[in-house]
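Below is one structure, written out as structure tokens; comments come after it.
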Amino acid sequence: MNESPFPQFNHLQLRAQKKWAALQNSSQPLIYLGTASCGRAAGALQTLQAIQVSLEEINRSAQILQVGCIGPCYLEPLMDLQLPGLPRISYAKVNPEKAKRILRAALLNGDLSPKLAIGHFGDDSFTQQSGIGRFFDLPMLKPQVRVILRNCGFIDPEDIDQYLAQDGYVGFVQALQKGPEGVIEEVRQSGLRGRGGAGFPTYKKWEICRAAPSEQKFVICNADEGDPGAFMNRSLLEGDPHAVLEGMLIAGYAIGAQHGFVYVRAEYPLAVARLRQAIQQMRQYGLLGTDILGSGFSFDIEVKEGAGAFVCGEETALIASLEGERGMPRPRPPFPAEKGYRGYPTLINNTETFGILPNILRNGGQWFIQLGSPGNAGTKTFSLVGKARHTGLIEVPLGMTLRQIVFDIGGGTIKPFKAVQTGGPLGGCLSAAHLDTPVDYENMRASGSIMGSGGLIVLDESTCIVDLARYFLTFSKNESCGKCTPCRVGTRILVETLQKIARGEGEMDDLDVLYKVADTMQRTALCGGGQTAPNPVLTTLKYFMNEYLTHIQGRYCPAAVCTELFEYRIIAEKCTGCGRCVQVCSSGAVSGEKKEPHTIDVERCIKCRACVEVCKFDAIVGVPVSAYHSQEVTL
Amino acid sequence: MDHPNVPPPIQVDDCDPSHLIPLLQRIQQQEGYISEQSVRQIARLLKISENHIYGVASFYSQFHFQKPGKHHLKVCLGTACHVQGGVQLAQEVEKQLSLRSGETTTDGAIDYEEVACLGCCAQAAVVEIDGVIYAKMTTDRLVKKLNELRLHEPLCSGADESSLSALASA
């Protein structure tokens, strides 16, 4: 590493690198434990406790590193062990009991429990030696390219030195040497487009903001990740908060701002805490405040918690909220880059956009543009959730197909694949016919969906498309700020019409209502939220019309979700008479002798699904309601 | 003078209206809800009308105007949780505790809220009890959790109707 012209920074970096090397070459074992929110939900804190107890029991000491989420959340809690002189080895679904077993075997007997291990971080020679495969060769990890997430799962996010040791703040130092115009030029060359979803070229926004004449300018990091089913920003802020803050420093320097805000969801308490701590560390190290590193550039960052309004993800609504108002969008122009927070030029970028910037400044724009596909540079993180076998946070080059993401990385679905929802509540639902669509801004839009911020919800045959459209529109209706009529009233009509269809009272004319209202909203709503809110309805109508027709004309919900449009039956051939369904049925609807096929009394069944959840033989299925279909149903 | 119910740190350097939401958040964190007294105090502090404060506060789903229960139960209805059975969990809560979103049990033991997304989508369906998120919930496991809660805190059935209507009239 070349020395920078900032001695204060060189000193910080050198000290951090020495500290990191000492940690990695320590004579003590290192234990990495993923304790981001997702890990904690899976029980990581109980595992942590068990690790501490276990070390005491066997009278061994080890360094425990609490790291962010490394990605495959479905395998959590993830505990990794790195014995002196050996590579780090990862173990999945480590409950307290398993943690104790692994630690005892490894620390007392040198047994690495290869059967419990899912992968190591060393080279191929270790694979042969240990019989454990490489972690990054796992099917879920192999197609991924980690740029934004490079530190997530590898460093303690609460220790600024660990970030500095991974070339942290080098991008910012490079920026200081390039000068503001040089930084914007580098970002232009990188081809970076806003990761919030719209895909506006980042450098253009910066140029406008830099050119706006004003004494004061602001930078806002939009971390109001409101899309249900998306958690990319949470993971990044919890796992590598300094990367985002460094990105804000770079942006602030480039546009000539003095003050930055991180507007983060209050539902992410851990992210908020880690951001606040990281900012404090930056101040201590002279990376924030007046005359940063003696460069003459002064900048400060403040964390503002959102208060639970989806619409505040829209930039003008976010600004209104920061100003202490109801978070209602304002007509644009003027755009915030010219007239934003308190009337001053304001740059708003998504959390992920900021997280990418240090990498671009460190490695160069040319490096970044090669990672993606033409016109869609770089990598993007997605939260791959729903019915996929491998759920979690992934990062892939833009232009990868949905099939690669859902089947290669996600491992496909257990029941037959039905659809994938991209772009959150304002996005769309794509069918199997779209699996070969490359995931980039243009192709997603052409398919009727949007890329959005990166939620990918995989759906299988047990998901009802009408119900899903109703779900998204109910969300948009509840979150509509109410300022403009097309959105306020339009979402309501759409929800009521979809409810009618889901109840089995739908008529063919209702489809026209859906089309007309959706069209009006697209053309006349005030902000992007209202204009794109009908997307889930339009895409499902386009790609899953059959399912709407089955609901309207057949009075049947094939996915067994819309409760008025199916009833449960037990397939006698599949039922083993294990009695689990009888135990969980709270309405006494299931009955039968042990080891004999059971039956369901449809009169008593309230369709709570409890029996379906516990049945291990898929013996309980939804069939058309017999009142609608007088003839006996054949299975 | 500060109201005795409102802890002292609620002070600001100036009347800047951008202090409003952070102030409301601090009060809710300390007291669990936004009381009429605290609204009056903020109005004096920031020199804005109580009406304006209610206008802003009621826009955001984070703010509550009724005293919360001792325990807080949240069922996530984000997309991933929705397709993994979040609705059934919500129905189970209604069945077990006779609570709908936004209500508190009459004895004040448990308040209940359906939320849009807790950000643990890969672990869907999730439920949050007193700030702790539980992964991969089923109705079966939820019933067990609720029973655990009930063992610590005897519950009454029947929802507190007044808690909902108060918000609407605010």
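The values are calculated or read from the model by the stated rules, or taken from the named source; none is laboratory data. Model, not experiment: these values are computed from the prediction. When we count neighbours, we look across all protein chains shown, and the Cβ atoms used for this are built from the backbone with ideal geometry, even at glycine.
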> Across segment A:288-316, what is the number of residues that are part of a loop (DSSP other than H, G, I, E, B), surrounded by fewer than 20 Cβ atoms within 10 Å (Cβ to Cβ) and not hydrophobic (A, V, I, L, M, F, W, C)?
Replying inline: 5
>> Restricting to segment A:288-336, name every residue that is of a type in the set (S, T, N, Q), over 17 Å from residue B:21 (Cβ atoms) and in contact (Cβ under 8 Å) with a residue 60 or more places away in the chain.
In response: A:295
> Which of the residues spanning segment A:338-348 are farther than 22 Å from residue B:22 by Cβ and touching an Asp or Glu at 6+ places or on another chain (Cβ under 9 Å)?
Replying inline: A:345
>> Tell me yes or no: at least one residue of segment A:52-71 is part of a loop (DSSP other than H, G, I, E, B), among the aliphatic types (A, V, I, L, M), more than 14 Å from every other protein chain (Cβ to nearest Cβ) and out of contact with any Pro (no Cβ under 6 Å at 6 or more places or on another chain).
In response: yes
> Counting only residues that are part of a loop (DSSP other than H, G, I, E, B) and modelled with pLDDT of 70 or more, how many does segment B:135-160 have?
Replying inline: 4
> Which is within 17 Å of residue A:557 (Cβ to Cβ) and out of contact with any strand residue (DSSP E or B) (no Cβ under 8 Å at 6 or more places or on another chain), of A:476, A:480, A:462?
Replying inline: A:462
> So which helices (runs of 4 or more DSSP H) are wholly in segment A:116-225 and hold at least 1 residues that are in contact with a strand residue (DSSP E or B) (Cβ under 9 Å, 6 or more places away or on another chain) and free of Cβ contacts under 8 Å to residues at least 40 places away in the same chain?
Replying inline: A:124-130
> Do any strands (runs of 3 or more DSSP E) lying entirely in segment A:392-475 carry at least 1 residues that are among the basic types (Lys, Arg), and which ones are they?
Replying inline: A:417-422
> What are the residues in segment B:63-104 that are in contact with an Asp or Glu (Cβ under 6 Å, 6 or more places away or on another chain) and assigned to a helix (DSSP H, G or I), if any?
Replying inline: B:90
> Taking residue A:276 and the conditions (1) in contact with a Pro (Cβ under 8 Å, 6 or more places away or on another chain); (2) within 14 Å of chain B (Cβ to nearest Cβ), which numbered condition does it fall short on, given that it satisfies the others?
Replying inline: (1)
> For segment A:341-367, what are the residues that are surrounded by fewer than 20 Cβ atoms within 10 Å (Cβ to Cβ) and either in a loop (DSSP other than H, G, I, E, B) or of a type in the set (D, E, K, R) (or both)?
Replying inline: A:342, A:344, A:362, A:364
> Before we move on, is residue B:39 facing another protein chain (nearest Cβ under 7 Å), assigned to a helix (DSSP H, G or I) and of a type in the set (Val, Ile, Thr)?
Replying inline: no
>> Can you tell me which residue is nearest to residue A:76 (Cα to Cα) among those in segment A:31-51 that are out of contact with any Ser or Thr (no Cβ under 9 Å at 6 or more places or on another chain) and surrounded by fewer than 18 Cβ atoms within 10 Å (Cβ to Cβ)?
In response: A:46
> Would you say residue A:338 is acidic (Asp, Glu), away from chain B (no Cβ under 14 Å) and part of a helix (DSSP H, G or I)?
Replying inline: no
> Picking from A:366, A:370, which residue would you name as being more than 16 Å from residue A:201 (Cα to Cα) and more than 14 Å from every other protein chain (Cβ to nearest Cβ)?
Replying inline: A:370
>> Which residue is surrounded by the most Cβ atoms within 10 Å (Cβ to Cβ), if the candidates are limited to segment B:42-62 and must be of a type outside the set (Val, Ile, Thr) and assigned to a loop (DSSP other than H, G, I, E, B)?
In response: B:59
> Conditions: (1) farther than 30 Å from residue A:488 by Cα; (2) not in a loop (DSSP other than H, G, I, E, B). Residue A:606 meets all but one. Number of the miss?
Replying inline: (2)
